[in-house]
Amino acid sequence: MISLKESKRSALVSLWFMFLTFPIMVIKVDAIEKTIIWRWENMFYVGFGSFILSIFGRIFFERQKNRREKQLSEKIQQHNLIQILLREPKYLYPLAAAFFLFALTFPHLFSTYQINVMTTALMYVVLGLGLNIVVGVAGLLDLGYVAFYAVGAYSYALLNFHFGMTFWMVLPLGALLAALFGVLLGFPVLRLRGDYLAIVTLAFGEIIRLVMENWNAFSQGPSGISNIPRPGLLGFDLTLNQAITYLYYLMIVMVLITIFVVNRLQNSRLGRAWIALREDEIACQAMGIDKTKTKLTAFALGATWAGLVGVIFAAKTTFINPASFTFLESAIILAIVVLGGMGSILGVILGAIILILLPEYLRALSDYRMLAFGAIMVSMMVFRPQGLISNVRRHYQYRPQKGEQE
Amino acid sequence: MSTPILQVKNLGMRFGGIKALDDLDLDVNSGEIVALIGPNGAGKTTFFNCVTGIYNPTQGDVVLTPPGTPAIRLNGLKPNQVAEKGMARTFQNIRLFQKMTVLENVMIGRHCRTNSFILGAILRNTATRQEEQETIHKSYKILQKMGLEKHANDLASNLSYGAQRRLEIGRALATEPFLLLLDEPAAGMNPQETQELIKLINLLQREGQSILLIEHDMKLVMELSHRIFVMDYGRRIAMGTPEEIRNNPVVIKAYLGESADA
Ligand SMILES: Nc1ncnc2c1ncn2[C@@H]1O[C@H](COP(=O)(O)OP(=O)(O)OP(=O)(O)O)[C@@H](O)[C@H]1O
Ligand SMILES: [Mg+2]
């Protein structure tokens, strides 16, 4: 991949660096002994390091150039293995059945701790799918998504605390409230795009958190709300283990519902309008799409899922405080969407599982967690900006209508 | 032939100090092909933007009269409302939805003629399914007319340049406009593609489609238009049949510059 000429260039680069850094890296004056210490080994490190980096840089640019050329010459849509698997019912159904069976038997095969971890991962799947509507499909970079999650969680905590409302009563209410907040955020940012939108939504997320932290009378401030009841099951008394298993199945159902709804939304008149809005706002409006309505529905329908999961989160942990709703949370959900593949449902599911489960099981490396996280994100951006699974547009079949020749 | 469907009076548009449009009058009659020509920077695209609601003109009136309905003043309406009223456009610098398929691009044009919303999308009830099927059907028919049906499921970005221009026309047609605005439809096309475009526009005209087009290709303009408006520095400098415009000294001067008569 790297020719002799390229390596020679890299060698030259490293020589040049060794020369440049010679005075500071190699020569050291010992003022007390009045001697000069020659640290030749440093020169070797600089030379070797810059050579390797330069080679990597060259490989990278070479690859990028190749990729660009390939894209230009290649007119057909690429189909990778996963997409072929997904399109063929022959593979898809057994695969889906196997997954479903695994998901059903999971609580019986693994410990309570594992079930808890998996429930969390499933919650992030729903969160990712929700944010995917806003960021992946409609192309609105929302960095304050956690705000809606907080709205859901606090809805349950507060409504239960003050009015004794149960989980099942608040679940739809929390979703509705979150959707309302989605519209509330949507209005002021209608005219904003890209970076500006990102900044305002980030601020929105922080505002919600800060309000919760400081408005003691309303939200009990940083100390949070505790003793939130777990979801009930037809009035049965559940033991802790049973409650955990119950929550797990609840999340499985939630995930299935989310996939179903989000998939239908994406392949509808509204979903197409979202994508058109992402692709070209001006053309989208000129073709008769109401920008305001389309953007607001994207914000509202994205926020709904965060509200739902928020209620479940409060019920799962039985205690919430503002520390659970920091910007980092938004960042992780966004990372799930980006890593998985913007606009791709399967990609987002995979992204959530990887980003939430891997750190749990790599606790040994917990000190380097953020480092690994950053490294993964950067390398994804460089090598696979479309995400793990890129979104493929649906193929519509044209059927000539009756009494009409083809 | 002589019922006016678009009447523009004293249209003016300022960008800070520049008067991009200055007291411009223009009208299009039903069934007519009208061309708007002028040197680069004359303000033709700005005119389209003002008429379709992308810019809000600083002065003047834009009045649209859809067949069989009272006249509507378009000033201040949003682009999507203008499209709904029945005036659709293409863009000089192609603005397709690159990551959508060719068919989906046209389906977007059907948006303002369909109604299914959130609940319809989730429940996929009979009405929604029928509407969706009709959208696909009508869009496919338009692709056939544009000669693009072979590419229906390709991404729009994978089309050739000429095909992308035709797709833009198809997408605009999907909104069922009674007045179609084309901004330099032949730009960047080779002679053969231009010839096909002329055929296409002729076909649309025979079907009763009124068209207002901006074009630099004089052969196309002379061959297709019933009337031509010429503008320069934001002002209308001439109007007439292709024959009249061809021999108009003011037009020749605007195109060739002052040195022409020296
Ligand atoms: N948004 C804008 N802000 C400031 N000036 C603008 C804007 N849009 C257009 N103009 C100016 O208005 C004038 C007319 O531009 P316009 O694009 O309408 O010309 P045109 O006739 O379409 O030219 P061409 O044949 O090159 O497409 C130009 O001087 C341009 O710089
Ligand atoms: Mg122009």
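Checked against (1) touching a helix residue (DSSP H, G or I) at 6+ places or on another chain (Cβ under 6 Å); (2) in the same structural domain as residue B:233 (by TED's automatic domain parsing); (3) in a loop (DSSP other than H, G, I, E, B), residue B:67 passes all but condition (1). Taking first residues from the range B:119-133 that are in contact (Cβ under 8 Å) with a residue 12 or more places away in the chain and partners that are polar (S, T, N, Q) and crowded, with 18+ Cβ neighbours inside 10 Å, the Cβ contacts under 9 Å between residues at least 6 apart in sequence or on separate chains come to B:128/A:268; B:128/B:116; B:131/B:116; B:132/A:268; B:132/B:116.
Do you know which residues across the range A:278-308 are without any contact (Cβ under 8 Å) to a residue 40 or more places away in the chain and either at the interface with another protein chain (Cβ under 7 Å from one of its Cβ atoms) or crowded, with 24+ Cβ neighbours inside 10 Å (or both)?
If we filter the range A:278-308 for residues that are without any contact (Cβ under 8 Å) to a residue 40 or more places away in the chain, which is where we start, we get A:280, A:282-290, A:293, A:297.
Matches in the range A:278-308: A:280, A:282, A:283, A:284, A:285, A:286, A:287, A:288, A:289, A:290, A:297.
The lone criterion from (1) touching a Leu at 6+ places or on another chain (Cβ under 7 Å); (2) within 16 Å of ligand 2 (Cβ to nearest atom); (3) in a loop (DSSP other than H, G, I, E, B) left unmet by residue B:36 is number (3).
Name the strands (runs of 3 or more DSSP E) wholly inside the range B:145-262 in which the number of residues that are more than 16 Å from ligand 1 (Cβ to nearest atom) and away from every other protein chain (no Cβ under 14 Å) is 2 or more. Talk me through it step by step, then tell me what you get.
Working: elements: B:179-183, B:210-214, B:227-232, B:235-240.
Here the list reads B:210-214, B:235-240.
All of B:181, B:155, B:212 fail the test of being in contact with a Ser or Thr (Cβ under 9 Å, 6 or more places away or on another chain) and within 16 Å of ligand 2 (Cβ to nearest atom), apart from B:181.
Residue by residue, here is whether (1) within 16 Å of ligand 2 (Cβ to nearest atom); (2) within 13 Å of chain A (Cβ to nearest Cβ) holds:
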position	(1), (2)
B:30	no, no
B:44	yes, no
B:54	yes, yes
B:77	no, yes
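For the structure I just gave you, tell me whether residue A:268 is of a type in the set (Ser, Thr, Tyr) and within 14 Å of chain B (Cβ to nearest Cβ). Let's see the steps before the verdict.
Working: of a type in the set (Ser, Thr, Tyr): yes; within 14 Å of chain B (Cβ to nearest Cβ): yes.
Considered against the rule, which asks whether it is of a type in the set (Ser, Thr, Tyr) and within 14 Å of chain B (Cβ to nearest Cβ), residue A:268 comes out as yes.
The helices (runs of 4 or more DSSP H) located wholly in the range A:193-277 that include 1 or more residues which are under 21 Å from the mean Cα position of the chain (by Cα) and surrounded by 15 or more Cβ atoms within 10 Å (Cβ to Cβ) occupy A:194-214, A:240-266.
Please find, within the range B:59-99, the residue that is nearest to residue B:30 (Cα to Cα) out of those that are in contact (Cβ under 8 Å) with a residue 24 or more places away in the chain and within 12 Å of ligand 1 (Cβ to nearest atom). In this case the residue turns out to be B:91. Taking the numbered list (1) among the aliphatic types (A, V, I, L, M); (2) within 16 Å of ligand 2 (Cβ to nearest atom); (3) within 29 Å of residue B:146 (Cβ to Cβ); (4) more than 10 Å from chain A (Cβ to nearest Cβ) in turn, residue B:21 passes all entries but (3).
Here residue B:21 passes the criteria (1) in contact with a Pro (Cβ under 8 Å, 6 or more places away or on another chain); (2) more than 10 Å from ligand 1 (Cβ to nearest atom) except the one numbered (2).
State the number of residues belonging to the range B:81-120 that are assigned to a helix (DSSP H, G or I) and either surrounded by fewer than 23 Cβ atoms within 10 Å (Cβ to Cβ) or more than 7 Å from every other protein chain (Cβ to nearest Cβ) (or both).
Taking the range B:81-120 first, the residues assigned to a helix (DSSP H, G or I) are B:81-85, B:102-113, B:118-120.
Next cut, either surrounded by fewer than 23 Cβ atoms within 10 Å (Cβ to Cβ) or more than 7 Å from every other protein chain (Cβ to nearest Cβ) (or both) only: B:81-82, B:84-85, B:102, B:105-106, B:110, B:112-113, B:118-120.
Here the count works out to 13.
Residue A:343 fulfils the conditions (1) surrounded by fewer than 24 Cβ atoms within 10 Å (Cβ to Cβ); (2) more than 30 Å from residue A:213 (Cβ to Cβ) except for a single criterion, (1). Residues that are in contact with a helix residue (DSSP H, G or I) (Cβ under 6 Å, 6 or more places away or on another chain) and facing chain A (nearest Cβ under 7 Å) within the range B:121-136 comprise B:121, B:122, listed in sequence order.
The values are calculated or read from the model by the stated rules, or taken from the named source; none is laboratory data. Just so it is clear, the model here is predicted, and its values are computed rather than measured. Because the Cβ atoms are built from the backbone with ideal geometry, glycine has one as well, and the counts that use them run over all protein chains shown.
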